[in-house]
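Structure first, then comments.
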Amino acid sequence: MVKTILNTITLILVVSMFNACSSLKVSRDYDTSFDMSRLKTFYLISNSEKLRDTLTINRLNKAIKNELKLKGYEETAREGADFLVYYHIDIKNKTQVVTDYQSIGMYPYRYRGMMVPTTRTYNYDEGQLIIDMINPENSNIIYRLSAKDQLKSLDTPQQRSKYINKVIKEILKDFPKRVK
């Protein structure tokens with residue numbers, strides 16, 4: 001009975017921990033002297049030399065445009081834009097080294113045994129998306145947003161679109177809404 005309760009509590013804690021932890025890391029930086037209230041229109045430019053996947057590029061374009069429109073901005077031609085939206089993607093192979101300790105002992109005294117370190121390495125790809133909002137008058141960055149995440153294996157177009165929409169929504173979360 002006690003063992004069942006402990007197993008249940010452990011399961012709940014582990015599930016909560018994985019739900020609470022996301023590998024998505026978002027950062028923002030901006031020019032504090034720039035008057036964001038004058039921004040009303042944008043033009044989107046994508047630069048993705050490392051990503052030749054037009055399906056993903058189209059999903060990113062659509063997600064960025066949709067989020068900016070939800071914030072009240074209007075898409076326009078480059079010549080009439082109050083700010084340019086330029087994004088690029090970088091993918092790097094990373095290695096994570098994890099060391100944990102396992103107890104070695106004989107039954108029934110397995111918890112009084114010796115602790116032995118076990119080290120494992122994991123290779124994974126990390127993607128970084130950087131979105132720059134640029135002042136077309138002087139080409140200065142007025143707002144920079146970036147997101148890093150461990151790349152996931154997504155099987156369907158719907159899963160890929162949903163993930164991209166989630167990332168773009170999170171990265172643009174604190175970008176100011178248009179002042180009307």
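Mind listing whichever residues of the stretch 47-98 are out of contact with any helix residue (DSSP H, G or I) (no Cβ under 6 Å at 6 or more places or on another chain) and among the basic types (Lys, Arg)? Hits for the stretch 47-98 are 50, 52, 62, 65, 69, 71, 78, 92, 94. Can you name the residue in the stretch 36-90 that is polar (S, T, N, Q), at pLDDT below 90 and assigned to a strand (DSSP E or B) and, of all such residues, is surrounded by the most Cβ atoms within 10 Å (Cβ to Cβ)? Of everything passing the filter in the stretch 36-90, 46 is surrounded by the most Cβ atoms within 10 Å (Cβ to Cβ).
Every residue, every condition in (1) part of a strand (DSSP E or B); (2) at pLDDT 85 or above, yes or no:
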{"site": "116", "(1), (2)": "yes, no"}
{"site": "122", "(1), (2)": "yes, no"}
{"site": "128", "(1), (2)": "yes, yes"}
{"site": "136", "(1), (2)": "no, yes"}
{"site": "143", "(1), (2)": "yes, yes"}
{"site": "148", "(1), (2)": "yes, yes"}
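All conditions but one from (1) within 20 Å of residue 143 (Cβ to Cβ); (2) touching a strand residue (DSSP E or B) at 6+ places or on another chain (Cβ under 6 Å) apply to residue 70; the one that does not is (2).
The values are calculated or read from the model by the stated rules, or taken from the named source; none is laboratory data. Treat the numbers as computed from the prediction; the structure is a model and nothing was measured. A quick note on method: Cβ atoms are made from the backbone with ideal geometry, for glycine too, and the neighbour counts reach across all protein chains shown.
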